[in-house]
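The values are calculated or read from the model by the stated rules, or taken from the named source; none is laboratory data. Source: prediction; values computed, not measured. Neighbour counts run over all protein chains shown; Cβ positions are idealised from the backbone, glycine included.
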Amino acid sequence: MDWTPGELSSDIEDRRGSSGGGGFGGGGLGIVGFIVLLVISLITGRNYIGSYLSGAGSSQRAQNSDGGPYSASPAEDRSAHLVSWTLDDVQKTWATLLPEQTGREYRHAKLVLFRDHTHSDCGVAQSQTGPFYCPADETVYIDLSFWDELRRLGGSNADFAQAYVVAHELGHHVQDILGIEQKVQRLSLRDPSQRNPLSVDLELQADCLAGVWAHSTDQRQKIHDADIAAGLKAAAAVGDDHLQRMQRGTVSPESFTHGSSAQRVGWFKQGLQQGTVASCNTFKVGGAVPSSGDYNQQ
């Protein structure tokens, strides 16, 4: 992937030297965050649920073991600059595409870099939960150590694989702007039996929206075949079926919350090939995605 390091984006808050808890804030990470935390706990054999609960009430600041200020390694510093470049490029792309395709103006999300744990308006952000988007404060939270976990799960931590993750989380921000996130929540409350299927549809649409951004980078000749392969490998590594096989050797589709590896890869490719929001209607229940003529009415 062709990108140039520079100053960190003005939309980034770097808390890596001062990460700390802050109570449950807006009510915790929610069911999806807890499911991800539980899966990783079962895979690794480490009690991340317990550490989340104990850390949730803490407001201590994280420091190096010697008590001094945090200093990033050259590799981590490079990852921070890659995240920053991707954040700005994805948001610049949506600032153009969203009004053109939906009639909605794009507003910038923020992104917080942290270590171990920090606070968010959705509760405590923990490194073990992986990157996530908090709609309450319109912010993406990333601990850069996740790239090592992604590779351990069988994915790639190449540049474009990391960029795909950032673009996926910003896909959730686009859903928030379009009112899709809120509609999914209402549908889930109306029919709890559809909560998991709707969660899958929401995540797959974010994958597709990440592909829409990738379509733009391909048109601008910033990515190459090897980059796309890395992005697809990353998508496959976080499929529910792949994680469940690693965890217990069997797969339970009814418990999926993010979609299978094939689904995640397929919807990312859909966005990559089509390059439009309209091509990303993953929802099969309740018409959660507005039609193209409805965006201005929400």
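In region 243-250, is there at least one residue being of a type in the set (S, T, N, Q), buried (at least 17 other Cβ atoms within 10 Å of the Cβ) and at pLDDT 75 or above? No, region 243-250 has no match at all. Tell me, yes or no, whether region 90-103 has at least one residue that is of a type in the set (Phe, Trp, Tyr), out of contact with any Asp or Glu (no Cβ under 6 Å at 6 or more places or on another chain) and farther than 21 Å from LEU232 by Cβ. Looking through region 90-103, at least one residue is of a type in the set (Phe, Trp, Tyr), out of contact with any Asp or Glu (no Cβ under 6 Å at 6 or more places or on another chain) and farther than 21 Å from LEU232 by Cβ.
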